[in-house]
Amino acid sequence: MKKLDLNLNETRRTVINWPNELKEIIDRYHGWQTISHGVQKDAVQNSWDARLDRAGAKGWSVEFELIENKETRLFAFTDQGTTGLTGRVLSPQELQLDLPIEERWGRFENVAFTKEPSERALGARGRGKFIFVGASQHEASTNDGSKIQNLIVYDSLRPDDTYRFGLRTIITTDSPVLSCDGDEGRKKLSYYTKDLVKPLTNVGTRVIVVEPIDELVESVKNGSFLRSIEETWWEIIKEYDAEIHVKTARGRQRATFLDELAFPEKDTRRYKIWKRQNVKLPGAPVFHIKDLTIVYDAQAEYAEDLRGISMQRGGMKICPVMAKYVDKSVANAITGYIRFDSALEDKLREDEGPEHYSFDFKKDIPRFVRQFIEDEYEKFFRDKLGLNSGAKPRTYEKSHSAEMKALYQINKLASQLGILGKGILPTKSGGTPAIDRPIKLQFGKIGYPNDVLRVDYGQVIKNIRLSVTNDTGMKQGLGVRFSILYDEQDEIANYIDNKEFEVGPHNSEILFDIPKLTISQTEYKIKGKYTFFARLVSLNPNSKGQIVHQLQRHFWVEENPPQKGIFEDIDKFEFPSEKETAMGFSTRTETGGYIFSYNTAHPAKRAVESDEDEFMKYLIELMSLELAWIDLRGKTSKIFTQTEREEPAQLVRRLTQFLGEVRFKINRKT
């Protein structure tokens, strides 16, 4: 190994902003699910990895408990039939290493160790504990005046009957931990839990979230937390009769196998079944599919969290692969699962997301698995349901277009006010400004038919122009590829296939220019995300093959793009007779956004429904009133002053003014 003349004692530490680091981890979970869903998934996963009886899970259990009184609120989960957190309290230097399996305490306190494949573990990167930290809203000051935020405490009784307590919190530049053994640890537990929690008496581990966030508390109380356990861990509940309980002041409930997944083994009048067993993975036949089951329910749609084919690993649901080739009414009535042999599970784990909610389908093995599922879908549709790909295109009325435009406009208004939601907001602007490059690709102003990047069958995308600019003082040899991709990987159309160009110094050249592109169902049969993708590669001798620039622009076919905004979607139905005068209302979702529902039978709606533009304005006005209602529910307001919030007369006056501002904007625009 080479030697470097460097004294590390003379260097300075790189400061990590831990609140931002934690926020990034939490945001990644939010990209897939709620925090409460992530808490149960990582908690059970950690415990399942540590079970003593690897074959039968005998004696293994996990209990989640919400503990609260007038002063304190705690959320704890405790396992039994596990190893406990064995091992020493390690030094900071030791914590930087990949630790042996016996050092479970150190591995729990570490941030990013890598487990060996031989461990057959569900967890792999040591990041899951931070979903527990992120589930705390604790804030306090220490004796020296330091500010801390987010607090978890944990304890473990080990097989040698030794007891250890620990905690983790967040400060600006660190995530400090503390460990105490024996009676000192028991005293610490009593102090940090206000004596609401007693030391463990059975071998196992417990994690306690101090002052859990409202979302987690509400999910435990309303039953959605238990449901998420049953949806994620249905396999071990069925195969091992696994004991997982949720306890509140109301009582103790056990997670059970969901009735919706107890489908028949053979076809019936209601169900159509498709099964494959012990199949070599196409593209990588050294690996095997253990079994695949697809189920179609002819009488009802499945709940959203059960739709699609669940990719399972080690008894845990990772993510679904949805049916994209058929009408939504068919896709929503399909559920099932796919499982793999141990070698394929180990290989898939290499390309699994750190939150355990996704795979990198750009990598070969996950991509081969997804392609296998999609091929089996196609056979199932054809042979069992009598459908061909794209046989039942979905139609959209004027009202749907008006809804889409209203949703975009109201979320744009909310964003301008600072009332924000989650996700991304694809717009026609093309996203963030590009980095200035000496050699670069550029798209012209692409003309999309709608306010958001949605294109329905028969609609036209205009002015698709791609050019290259060379701002250097030398002639450049360049290779260009320009395609349309589905889901950022499958090529649908190729306009420039690695063609070679020479561009002179300080010069630009148009590479591709068509006035319009009609989106037809024949070519774009799969609904979803498509991408204009362009790549520029150097052909100069000293840099041949290097990617100089890549450019992409997205659009969605027959489907709304993901919405960033306080409003996530619009729903519609005829309100019951006791609510027939109501025009619309908003419902909060688990992700913190809202779904707006409007009354299809209201006379005011019927008066404007035939005119798409007027109907759009009608929806925007209704949603702006709901936006004001949402704003008033918050701790601080973006629309109303504190005086207006406290004085009913001034509140009504400001609301009238706000509605006038909204009407002014939407009518001036048209």
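Observations
- Of residues in segment 170-185 being hydrophobic (A, V, I, L, M, F, W, C) and either modelled with pLDDT under 85 or closer than 12 Å to LEU22 by Cβ (or both), the one surrounded by the fewest Cβ atoms within 10 Å (Cβ to Cβ): ILE171
- One residue stands out among those in segment 434-458 that are surrounded by fewer than 17 Cβ atoms within 10 Å (Cβ to Cβ), more than 19 Å from ASN494 (Cα to Cα) and not aliphatic (A, V, I, L, M): the one that is farthest from the chain's Cα centre (by Cα), which is PRO438.
- With respect to (1) without any contact (Cβ under 8 Å) to a residue 24 or more places away in the chain; (2) within 34 Å of the chain's Cα centre (by Cα), the lone exception for GLN657 is condition (2).
- Listed by first and then second residue, the pairs linking a residue in segment 549-564 that is on the phi > 0 side of the Ramachandran plot and at pLDDT below 90 to a residue that is outside any strand (DSSP E or B) and aromatic (Phe, Trp, Tyr), with Cβ atoms under 9 Å apart and 6 or more places separating them unless they lie on different chains, are GLU558/TYR396; GLU558/TYR457; GLU558/TYR524.
- Checklist (1) part of a helix (DSSP H, G or I); (2) at pLDDT 85 or above; (3) crowded, with 18+ Cβ neighbours inside 10 Å applied to GLN371, failing item: (3)
- One residue alone among GLN552, GLN546 is open to solvent by 60 Å² or more (accessible area, probe 1.4 Å) and under 32 Å from the mean Cα position of the chain (by Cα), and that residue is GLN552.
- Residues in segment 476-519 that are out of contact with any Ser or Thr (no Cβ under 8 Å at 6 or more places or on another chain), modelled with pLDDT under 90, surrounded by fewer than 14 Cβ atoms within 10 Å (Cβ to Cβ) and within 22 Å of VAL326 (Cα to Cα): GLN489, ASP490.
- In segment 617-637, the residues that are at pLDDT below 90, surrounded by 15 or more Cβ atoms within 10 Å (Cβ to Cβ) and out of contact with any strand residue (DSSP E or B) (no Cβ under 7 Å at 6 or more places or on another chain): ASP631, SER637
- Count of segment 633-663 residues which are assigned to a helix (DSSP H, G or I), hydrophobic (A, V, I, L, M, F, W, C) and under 17 Å from ASN411 (Cα atoms): 3
- Residue count for segment 305-345, restricted to those that are more than 26 Å from GLY38 (Cα to Cα) and either of a type in the set (Val, Ile, Thr) or touching a helix residue (DSSP H, G or I) at 6+ places or on another chain (Cβ under 6 Å) (or both): 2
- All conditions but one from (1) over 26 Å from ASP49 (Cα atoms); (2) β-branched (Val, Ile, Thr); (3) crowded, with 19+ Cβ neighbours inside 10 Å; (4) modelled with pLDDT of 90 or more apply to THR193; the one that does not is (3).
- Scanning segment 274-281 for residues that are under 28 Å from the mean Cα position of the chain (by Cα) and over 20 Å from TYR377 (Cα atoms) turns up nothing.
- Test: GLU559 is more than 19 Å from HIS400 (Cβ to Cβ), charged (D, E, K, R) and open to solvent by 30 Å² or more (accessible area, probe 1.4 Å): no
- Residue that is modelled with the highest pLDDT, among those in segment 520-543 that are open to solvent by 50 Å² or more (accessible area, probe 1.4 Å) and not basic (Lys, Arg): LEU539
- Residue match in segment 333-345 (condition: modelled with pLDDT of 90 or more, more than 28 Å from GLY223 (Cα to Cα) and among the small types (Gly, Ala, Ser)): yes
- Test: residue in segment 236-243 that is part of a helix (DSSP H, G or I) and surrounded by 19 or more Cβ atoms within 10 Å (Cβ to Cβ): yes
- Every condition in (1) closer than 19 Å to ILE67 by Cα; (2) at pLDDT below 95; (3) in contact with a helix residue (DSSP H, G or I) (Cβ under 9 Å, 6 or more places away or on another chain); (4) not hydroxyl-bearing (Ser, Thr, Tyr) is met by GLY204 except one, and the failing one is (1).
- Every residue from segment 352-368 that is surrounded by 15 or more Cβ atoms within 10 Å (Cβ to Cβ) and at pLDDT 85 or above: GLU352, GLY353, HIS356, TYR357, SER358, PHE359, PHE361, ILE365, PRO366, ARG367, PHE368
- Scanning segment 376-396 for residues that are modelled with pLDDT of 85 or more and not in a loop (DSSP other than H, G, I, E, B) yields a total of 5.
- So GLY106, is it within 29 Å of ASP305 (Cα to Cα) and modelled with pLDDT under 80: no
- Residues in segment 14-35 include at least one that is at pLDDT below 85, among the aromatic types (Phe, Trp, Tyr) and open to solvent by less than 40 Å² (accessible area, probe 1.4 Å).
- Checking each residue in segment 249-304 for being among the hydroxyl-bearing types (Ser, Thr, Tyr), touching a helix residue (DSSP H, G or I) at 6+ places or on another chain (Cβ under 9 Å) and surrounded by fewer than 16 Cβ atoms within 10 Å (Cβ to Cβ) picks out only THR256.
The values are calculated or read from the model by the stated rules, or taken from the named source; none is laboratory data. Just so it is clear, the model here is predicted, and its values are computed rather than measured. Here the Cβ is made from the backbone with ideal geometry for all residues, glycine too, and neighbour counts use every protein chain on show. Ligands, DNA and RNA are stripped out before the accessible areas are found, and what is left, the full protein with its side chains, is counted by its heavy atoms. Shrake-Rupley method; radii C 1.70, N 1.55, O 1.52, S 1.80 Å.
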